[in-house]
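Undergrad: My structure is below; once you've seen it, I'll send some questions.
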Amino acid sequence: MNSSGKVVEFQWNSTGKALESVGHRKDLTATANAGAPLCQRCWCWGHTIGGCKAPQLRCSHCSSPHKSESHRHACGLCKGNLKAKPPVPPTAADQPCPHLARCSNCRERHPATDRKCPFWRHCYDPQWINAKYAEVRVHRAHGRTISNNRNIA
């Protein structure tokens, strides 16, 4: 109920805008937070799909170069191989994915969408995210991954 005593309902439309309903509908823009955006193309923090410079898209589950939606059809362990000897059947649709996830940010064994990831914990701290990506670039240049260092807080 608002200050005038009217009941106010909020619903969300497909573009993420709040629709306030008080006898009529009116589009309201939701208040933006100061968090860093998560790109849903490469699953890295700090930019959106429109600003993504990754050479190819990445799966949020395994970081391989395929869409997350087609993970079961693109990933070897999930899609199976009936021509192999012995044949490897595909994973049943009602079964979980049989292989370990790989985060495209911290390189640990969880999907990039896991809120337990250190990058999720620091999503409102763009300076931390930029510092960690700089650290990741240094480690990759020296042939190591950030998970070998274990310095993520």
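The values are calculated or read from the model by the stated rules, or taken from the named source; none is laboratory data. Quick caveat: nothing in here was measured; it's all calculated off a predicted structure. Note that each Cβ is placed from the backbone with ideal geometry, even for glycine, and that neighbours are counted across all protein chains shown.
Undergrad: Taking the stated definitions as given, is Glu69 over 20 Å from Val136 (Cα atoms) and either within 15 Å of the chain's Cα centre (by Cα) or surrounded by 15 or more Cβ atoms within 10 Å (Cβ to Cβ) (or both)?
TA: yes
Undergrad: Can you tell me which of Cys106, Cys78 is surrounded by 10 or more Cβ atoms within 10 Å (Cβ to Cβ), at pLDDT 55 or above and within 19 Å of Lys132 (Cβ to Cβ)?
TA: Only one candidate qualifies: Cys106.
Undergrad: Do we find that Pro90 is surrounded by fewer than 10 Cβ atoms within 10 Å (Cβ to Cβ) and either at pLDDT 80 or above or within 21 Å of the chain's Cα centre (by Cα) (or both) in this structure?
TA: So Pro90 fails the test.
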